[in-house]
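The values are calculated or read from the model by the stated rules, or taken from the named source; none is laboratory data. This one's a predicted model, so the numbers in the text were calculated from it and none came from an experiment. Ideal geometry is used to build each Cβ from the backbone, glycine not excepted, and the neighbour counts take in all protein chains shown.
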Amino acid sequence: MLPLLALLIRAPWRGLPGLLATSGGTTALRLSLECATAATALSLLFGVPLAWVLARVRLPGIGLLRALVLLPLVLPPVVGGLALLEGLSRAGVYGRFLQSWLGYSLPFTTAGVIVAETFVAMPFLVITVEGAIRAADRDLEEAAATLGATRTAVFIRVTLPLIAPSLLAGAALCWARALGEFGATITFAGNFPGTTQTMPLAVYNQLQTDPQPAIALSLILLLVAVVVLASLRERWLRPGSAL
Amino acid sequence: MTDLDREVGAAIRSGPGAAGLQFAGRVRRGGFELQAELTVGEGEVLGVIGPNGAGKSTLLRALAGLTRLHAGRIQLGRTILDDAEREIFLPPERRPVGLVFQNYRLFPHLSVRDNVAFSARARGLGRRTARERAERWLDRLELSSLAERRPAQLSGGQAQRVALARALAAEPGLLLLDEPLSALDAETKLSVRAELSSHLGEFGGPTLVVTHDPLEAMVLTDRLLVLQAGRIVQSGTPAEVASRPVTGYVAQLVGLNLYAGRLGSDDRVLLDGGGQIACAASGLASGQAVLVAVAPGAITVHGHQPRDTSARNVWPATVRGLELLTDRVRLQLDGQPGALVDITPAALAELRLQPGTPVWLSAKATEVAAYAAPY
């Protein structure tokens, strides 16, 4: 709490709007919001089925798969960024096919930012949703099956609505983590204003020259963090929420 | 798919022409095994009764396709639901089987209307069509006024009706009910039982009702199966099962004293637990293993050895415990044999009975039913 308090005390409250306007903060903010949202969408697309597999499939090797999926949680993001670079760059292990077949290269593009953020943030969604699917009422899924629902229909009509609060919480955690992503992003996508310079990178950049705008940008990130936390608290503490 | 394929497929799916449900198979679940053979006719309501762990729920799960048969087969009308030998297995979502679960399992995130419309939605009908169809069932089970409510806002009896409506709305060919009234309080039970009976009467297909309530079995079912340790130990009309139980479990449920023994000469049964009892044993051979049932009201309690009684059974006993029922007192008595006996509160006061009091018991041979033991 204390360092955050210091940030608030030192904040240049009076010149705040001007600082935000001139520091290129709005561009970085918009890029950050777009990329974090896209990364969350990707995480939902791949993470929810993955969470279902981890929670429900009984096969040898599932434990290993879970460890791999959750590895980015404990991996230093810069290592993740380097791994992405080695894998997906123009001459990378997989990237070279992307390059020769599609003429497309991910690193140092906005798409690269989204990939880096997804890599780092998706485990937050997977781990939350997996727990919820595990705890979801199997009895209700059985009941749905006896009423003629196929596995897919059971998942969409019963399981998903039951885990909706956790899904929202997981998505919010994932989004917040993506928004703050620094290490993997700067390593894999670089730091180009307008295309890959997200808020955290902009803060870091500003800090090299003038701390005042950096503090102003940080305040916005802090505000976002507080809002996310407040909404999560509501989700998690709401009575009767079926987690 | 060629026409030939289709014919072969149809031949595999459909067994010999038969109406109703036929089940003959073994189901394993954990370390437990159920082995049973039963049929239920169209429009017939079969009750399944038995202690916990007897295999009642396993039977329902096998019929609904939630647990696979280990051996044997299940056939509903001409459709084979499960055939272990031929490796035919219809998954639950493709079985025309409706199951009303013991705790109802209503979907908490859906309104009553959408719960009832669930099967139609699951089959891919649009929301409006599905809701229109649900409306019919809501109407029929008098749930229209509750249509907008969530399951959490329903009373037990209402939830039971919604669960039934939801199962019936899928238009199943076989209806299964797992202890339909056990989650209700005594007062609600009374009204719901009568209601359920009429709904089951309207359903034209075979119905299975798992229960542990003898009254429920009497009112709801046409025929009763008694399950014990994964085997069928008795089958008959509810009245037959209640008056001539073959298991201690059922005897206790219907409140009868049940003794096992061997018929000796002179219509006397030598009881396995010691003692003997005279009975009206018509059609039974001497030396045959028999069961003897005596109603608690058919035994008289005396303070002293009765001298001028016509009862052929007179024996001493000791009061072990007493329990006040609504209008009478049930005594638990130790003796040769021990017995449950009902007396009036007035008799209790007159005889000054308390645990440890020695008494004499008498019962007329005509009040003692003896019948062949099935195993």
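Numerical summary
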read-out	value
Some residue of the stretch A:101-110 being within 30 Å of A:Pro213 (Cα to Cα) and under 16 Å from the mean Cα position of the chain (by Cα)	yes
Near pairs, Cβ below 8 angstrom, 6+ apart or cross-chain, from the stretch A:64-92 (surrounded by fewer than 19 Cβ atoms within 10 Å (Cβ to Cβ)) to any residue that is part of a loop (DSSP other than H, G, I, E, B)	A:Glu86/A:Gly92; A:Glu86/A:Val93; A:Gly87/A:Val93; A:Gly87/A:Tyr94; A:Arg90/A:Ser105; A:Arg90/A:Pro107
Unique match (being farther than 19 Å from A:Val158 by Cβ, touching a Phe, Trp or Tyr at 6+ places or on another chain (Cβ under 6 Å) and at pLDDT 90 or above) among B:Leu164, B:Leu146, B:Leu175	B:Leu175
Selected residue [within 14 Å of chain A (Cβ to nearest Cβ) and assigned to a loop (DSSP other than H, G, I, E, B)] from B:Arg86, B:Arg61, B:Arg68	B:Arg68
First in the stretch B:213-226 and closer than 9 Å to B:Gly47 by Cβ, second anywhere and among the polar types (S, T, N, Q) and part of a helix (DSSP H, G or I), Cβ under 7 Å, 6 or more apart	B:Leu220/B:Ser197
Test: residue in the stretch B:121-132 that is in contact (Cβ under 8 Å) with a residue 60 or more places away in the chain, outside any helix (DSSP H, G or I) and not aliphatic (A, V, I, L, M)	no
Close pairs (7 angstrom Cβ cut-off, 6 or more residues apart or separate chains): in contact (Cβ under 8 Å) with a residue 12 or more places away in the chain in the stretch B:100-113, part of a loop (DSSP other than H, G, I, E, B) and of a type in the set (A, V, I, L, M) anywhere	B:Gln102/B:Ala183; B:Asn103/B:Ala183; B:Pro108/A:Ala242; B:Ser111/B:Ala147; B:Val112/B:Leu143; B:Val112/B:Ala147; B:Arg113/B:Ala147
Residue count for the stretch A:128-159, restricted to those that are of a type in the set (Val, Ile, Thr) and either at the interface with chain B (Cβ under 7 Å from one of its Cβ atoms) or surrounded by fewer than 20 Cβ atoms within 10 Å (Cβ to Cβ) (or both)	5
Counted residues, the stretch B:89-104 - those being farther than 18 Å from B:Pro206 by Cβ, buried (at least 21 other Cβ atoms within 10 Å of the Cβ) and at the interface with chain A (Cβ under 8 Å from one of its Cβ atoms)	1
Test set (1) crowded, with 20+ Cβ neighbours inside 10 Å; (2) within 28 Å of B:Leu196 (Cβ to Cβ); (3) touching a residue at least 24 places away in the same chain (Cβ under 8 Å) - B:Leu81 fails condition number	(3)
Check on A:Ile163, within 14 Å of chain B (Cβ to nearest Cβ), among the aliphatic types (A, V, I, L, M) and touching a residue at least 24 places away in the same chain (Cβ under 8 Å)	yes
Residue within the stretch B:35-48 that is part of a strand (DSSP E or B), among the polar types (S, T, N, Q) and either surrounded by 22 or more Cβ atoms within 10 Å (Cβ to Cβ) or under 20 Å from the mean Cα position of the chain (by Cα) (or both) present	yes
